[in-house]
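Undergrad: Got a structure for you, questions after.
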Amino acid sequence: MTRPKTVIDKIWDDHVVCSDAKGDLLYIDLHLVHEVTSPQAFDGIEHEGRRVRRPDLTLAVEDHNVPTDSLLIRDPMGSAQVERLRENCARHGIEHFAHGDERQGVVHVVAPELGLVQPGMSVVCGDSHTSTHGALGALAFGVGTSDVEHVLATQTLRITKPATMAVEFVGTLPAGVSPKDLVMALIAEIGANGANGHVIEYRGPVMREISMEGRMSICNMAVEAGARAGLVAPDEVTEEYLRGRPAAPSGSRWDEAVAAWRELRTDDGASFDKTVRIDVSTLTPYATWGTNPGQAARVGDGVVPDPATFTDPGERAAAQRALEYMGLAPGTRLRDIKIDTVFLGSCTNGRIEDLRAAAEVLEGRRLANGVRMIVVPGSMQVRKQAEQEGLHEVFTAAGAQWRLSGCSMCLGMNTDRLTGPARVASTSNRNYERRQGDHARTHLVSPATAAATAVAGHLAAPQHLDGATT
Amino acid sequence: MTTTPFTVHSGRAMVLRRDDIDTDQIIPAEFCKRLTKHGYEDGLFAGWRGEPGFPLDQPHLRSATVLVAGSNFGTGSSREHAVWALRDWGFRAVVAVSFGDIFRRNAFTNGLLPVCLSKEDVAALSDAVEADPAMPVTIDLLERELRTPGTSRSFDVDERARHLLVNGLDEIGLTEQQEQHIARYELTRRPWFPSLRPGCLSGGRWQAAR
Ligand code: SF4
C-alpha cells in the first residue's frame, strides 16, 4: 500500500521534473504576469539572449497601475510600465489583456473566470495573492521578479517543498458571517505569521458549503497569515464552477478531467506538519483595528485593545505603533469608529457575489453624509454581469461611484491612491501603514460590512443597521 | 542573471526594533513603478524616513551593512523591489526572528542573506549593537555562524539558498541544463490543461491552441 498523502503532496509530487539536494525543479502550468513585477524579468531574458519557453502557458493582464475612472493612464511612470508590458507580450507572443479590453481585470479574478485555473495545476505570478487560485484545487503561489524570469525562460522553478498545514473549519457558519470574516478570524487567531513556511489546506465540513468565490477570498488571504499558498481540494462546487467556462475542458476531456479531479483529496491517515481547528459557530463579522491583518476584532462588540495587555513585547510594541498610526485610543468600540471612505473591490472581494452582498445591503439606502464609496469590479466581466443584474444602479442610487476594473485603492499605485487624511473601510487584504495613501488609515472588512459601514458612517455590520446591538 | 557570491561578511549593524515590517514599508508602491533592477535606495523605508530618531537617517549609521529587525520581516507583497532597495542601500544581510516566505526567497536570489536567530538572540544582538554601533558583526555563511566580539551564534540556512549564495550561480543557466528532463515532463502533462495563444480567448470564445 502506498503512503497516504495530502492533496498538497499529490499536486507537488505531480509537478516535480527532477530533484537534488538543492530542492525540486517544479513545472509551472500557468504563469500569470502583470505590468509591475515583469519588466526586469523580460529585460533579463533578453539580455541573456533567452526566449520565453512557453508563451502559450503565460497570460498577461494590466491591473496594478491602471486608473478605474478612465481608459487614459495619466501617470507617466505607470504608463511606461504598461507600455513595456504590451511591447514584451507582442515580442514574445504572449496573450495579453489591456486596459479597456472586455477581459481585463485584476489578474487573480480574470484567470479563474476564464476557466484557466483547474484542479491539480501549478500556478505562479509575480504577486503574493496568487494564493487565490488555490480555491480551484491548484497549487498557486506568488514569486519575485527573478523567479518570474526563471519561469519565463524555463517554465519551472527550483524550490524546496514547504511544510503543510491543515486549517479545519468546523461547526455551523452563522448567517451574516462571510468567507472574509472566516479568514480574518483565522488570521486574528494564528497571527500574521502563523502559517509562515506552510501551504494550507482548508478543510472541514464548513469549506464544502462555501461557494467558489468565497473560497477564493479565503485562499487569497492565506498569504496574510504568512502562508506560501492555501488551497481547497476540488469537489462538486469546483466542478460546477468550471463547467462551461471558456478554457475548461469539454466533451470526453471533461469526463477524463473530472475523474482525475476526484482523486485530488487528502488520503485518510495522511499527516500535516501543523493543524489548526476553528469552530465557526460563534463567529461574527470582523474588522481590523491595526496595521497588520492579524490585528482584528469583532465589529459588533469588539473594542480596540490596550497594548499593555499584550504579554509578548514585540506584539505590544506593534499594537502601540498601530494605535498611533491609526489614531485610535484603547477601549474604543469598533462600532464608534467613524469612516469617510469605503472601497469595495480587489482580488479578495471584487467578484460578483461580493458585489451582490454589498448591493443587498445598499438597496433602498443612501451613504451617510460625508462618506465616499467607490465600487471597483474585479474584472470587466464582473462589471458586465453586475450591470446585467442592475447592481450598478443600486450602487449609484446609494451615492457610490461605479468604476472600471483594476487594483484601484487596494494599493497606492494608481490614481485611486488617497491623497488627504482618510479613514477607509476596505474589502481588500492589507491594512499596512500608508498602503492606500500617505495619510490613509485602513480597516479591512467584508463586502456586507463595507456596505453597512457606508450607510452608518461608522464601522457596522448589516444587522446593526436594523438596530442589533452586537 | 548572476548573483554576487556571499561567503563571509563583516560590517556594522543597524537595529530596527519592529515586528512585522511589511514590504510596503520597506519600499512603498510608488517607488516600484520603475523598469530597472537597480537604484531603489531612495525608496527604502521612505514612509518612515524623517520620523524622529529613525536609524536610517542617522549619519553615523550610514555605513551599516547588516540590518537587525524583529519577527516576520518582509511580510506581505512579492515585490523583489524590497530586496533591491535594501541591497542598493548597502545592506548585505538582515538578521530577524523570522521572515516572510517570498521575501526570504527573493533575498537569497539577490545575494542578500536573511539570517534567522531566536527571539532572545536577536534581542541580545540588538542591545549590543545599540550600545556600540561600531561593533563589527561577522556573518559566516560557510560555517553558518554569526559572530560578534566574544559571541558566536549558529543559524540554519537551506541548501539551495546556501549553494546559490556561496557560488553566485546563474540559476536559469543551471536549470537549462535540465532541458531533457523538462521536455520529457511536458509529454506527461494532462491533456486538458489549458494553453493559450494570442487571440484564443477573444470574443468570449475559447479556441485551444494545438
Ligand atoms: S487587488 Fe490588491 S492584492 Fe490583489 S493583485 Fe491587485 S494590488 Fe494585489
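Undergrad: Would you please name the trypsin sites (Lys or Arg not before Pro) within the stretch A:66-161 that are DSSP coil residues with at most 11 other C-beta atoms within 10 Å of their C-beta?
TA: A:Arg74
Undergrad: Another question about this same structure. Run the accessible area of chain B with a 1.4 Å probe and give the carbon-and-sulfur part as a rounded percent.
TA: Within chain B, the accessible surface is 50 percent carbon and sulfur.
Undergrad: Averaged over all directions, how much area does the convex hull of the C-alpha atoms of the stretch A:1-77 cover when projected, in nm²?
TA: 9.2
Undergrad: Within the stretch A:1-81, what whole-number % of the accessible surface is contributed by carbon and sulfur, with the 1.4 Å probe and all protein chains included in the calculation?
TA: Carbon and sulfur atoms account for 54 percent of the accessible area of the stretch A:1-81.
Undergrad: What is the stretch A:292-394's relative contact order, in percent, from Cα pairs under 8 angstrom and six or more apart in sequence?
TA: Result for the stretch A:292-394 is 25 percent.
Undergrad: Find the Rg to Rh ratio for the stretch B:82-144, where Rh is the Kirkwood radius over alpha-carbon pairs and Rg uses the same atoms.
TA: For the stretch B:82-144, the value is 0.97.
Undergrad: So if I take the centroid of the Cα atoms in the stretch A:117-161 and the same for the stretch A:26-44, what is the distance between those two points in Å?
TA: 10
Undergrad: From Cα coordinates alone, what are the radius of gyration and Dmax values for the protein assembly as shown in angstrom?
TA: Considering the protein assembly as shown through its Cα atoms, Rg and Dmax are 23.8, 72 Å.
Undergrad: Tell me, what ³J(HN,Hα) does each residue in the stretch B:48-62 have, in order and in whole Hz, if you take phi through Karplus 6.51 cos²θ - 1.76 cosθ + 1.60 with θ = phi - 60° and put x for Gly and Pro?
TA: 9, 4, x, 5, x, x, 4, x, 4, 7, 7, x, 6, 9, 4
Undergrad: I would also like to ask the following. With Cβ to Cβ distances under 10 Å as the rule, what net charge do the other residues near A:Arg103 carry (K, R +1; D, E -1)?
TA: Within the 10 Å Cβ shell, the charges total -4.
Undergrad: Taking the Cα centre of chain B as the origin and placing charges on Cβ (Lys, Arg +1; Asp, Glu -1), which of B:Pro136, B:His181, B:Leu196 is farthest toward the positive end of the dipole?
TA: After comparing all options, I get B:Leu196.
Undergrad: Averaged over every viewing direction, what's the projected area of the C-alpha convex hull for the stretch B:118-165? Give it in nm², one decimal, please.
TA: 3.7
Undergrad: Which peptide among B:134-146, A:50-62, A:168-180 comes first, and what is the full order, when sorted by highest mean count of other Cβ atoms within 10 Å?
TA: Ranking, from highest mean packing down: A:50-62, A:168-180, B:134-146.
Undergrad: Hey, if you drop one equal point scatterer on each alpha-carbon of the stretch B:1-151 and run the Debye formula without solvent, what base-10 log of I(q)/I(0) do you get at q = 0.18, 0.19 Å⁻¹?
TA: Cα-only, vacuum Debye calculation for the stretch B:1-151: -1.07, -1.21.
Undergrad: Considering only DSSP states other than H, G, I, E and B, which trypsin sites (Lys or Arg not before Pro) in the stretch B:33-93 qualify as loop sites with at most 15 other Cβ atoms within 10 Å?
TA: Answer by residue number: B:Arg49, B:Arg62.
Undergrad: Restricting to DSSP H runs of at least four residues, report the calculated mean residue ellipticity at 222 nm for chain A, -39500 (n - 2.57) per run over all residues, nearest 500 deg cm²/dmol.
TA: After summing the helix terms and dividing by the residues of chain A, the value is -9500 deg cm²/dmol.
Undergrad: Along the positive direction of the dipole of the stretch A:1-86 (beta-carbon charges: Lys, Arg +1; Asp, Glu -1; about the Cα centre), which of A:Leu72, A:Leu85, A:Leu26 reaches farthest?
TA: A:Leu26
Undergrad: Express in nm, to one decimal, how much length is gained between A:Glu48 and A:Arg91 on full extension, taking 0.36 nm for each residue of separation and deducting their alpha carbon distance.
TA: Net length gain for the segment: 13.9 nm.
Undergrad: Kirkwood Rh, the stretch B:16-70, all Cα pairs: how many Å?
TA: Hydrodynamic radius (Kirkwood, Cα only) of the stretch B:16-70 equals 12.4 Å.
Undergrad: I've got another one for you. Compute the distance from the alpha-carbon center of the stretch B:1-74 to that of the stretch A:73-108, in whole Å.
TA: 30
Undergrad: Then there is this: Over the stretch A:306-464, average the accessible area per residue using a 1.4 Å probe and give it in Å², no decimals.
TA: Value returned for the stretch A:306-464: 34 Å² of accessible area per residue.
Undergrad: Along each of the three principal axes of the Cα atoms of the stretch A:244-373, give the extent in whole Å, ordering the values from largest to smallest.
TA: Per principal axis, max minus min of the Cα coordinates gives 61, 46, 26 Å.
Undergrad: For chain B, which DSSP H helices look membrane-span-like by this rule: Cα extent along the axis of 15 Å or more and mean Kyte-Doolittle of at least -0.5?
TA: Membrane-span-like by this rule: B:119-131.
Undergrad: When the Cα centres of the stretch A:313-375 and the stretch A:185-261 are compared, how far apart do they sit, in Å?
TA: Using only Cα atoms, the two centres lie 26 Å from each other.
Undergrad: Within 10 Å of each Cβ in A:66-78, how many Cβ atoms from other chains are there, averaged over the peptide?
TA: Rounded to a whole number, the mean comes out at 1.
Undergrad: Could I ask something else about it? Ignoring ligands, DNA and RNA, how much accessible area is buried between chains B and A, both sides summed, with a 1.4 Å probe, to the nearest 100 Å²?
TA: 6600
Undergrad: OK, next. Say the dipole of the protein assembly as shown comes from +1 at the beta carbon of Lys and Arg and -1 at that of Asp and Glu; which of A:Val117, B:Pro55, A:Gly244 then lies farthest toward its positive end?
TA: Positive-end residue among those listed: A:Gly244.
Undergrad: Looking at the protein assembly as shown, how many pairs of lysines come closer than 30 Å at the Cα, when each pair is eight or more places apart or spans two chains?
TA: 22
Undergrad: Restricting to Cα pairs below 8 Å that are 6+ residues apart, what does the relative contact order work out to for chain A? Please round to a whole percent.
TA: This gives 17 percent for chain A.
Undergrad: Separate question: Using the Kirkwood formula on the Cα atoms of the stretch A:7-275, what hydrodynamic radius do you get, in angstrom to one decimal?
TA: Taking the inverse mean of 1/r over all distinct Cα pairs, the stretch A:7-275 comes out at 19.2 Å.
The values are calculated or read from the model by the stated rules, or taken from the named source; none is laboratory data. Everything numeric in this text was worked out from a predicted model, so none of it was measured. Ideal geometry is used to build each Cβ from the backbone, glycine not excepted, and the neighbour counts take in all protein chains shown. All accessible areas refer to the heavy atoms of the entire protein, side chains included, with ligands and DNA or RNA removed. Shrake-Rupley method; radii C 1.70, N 1.55, O 1.52, S 1.80 Å.
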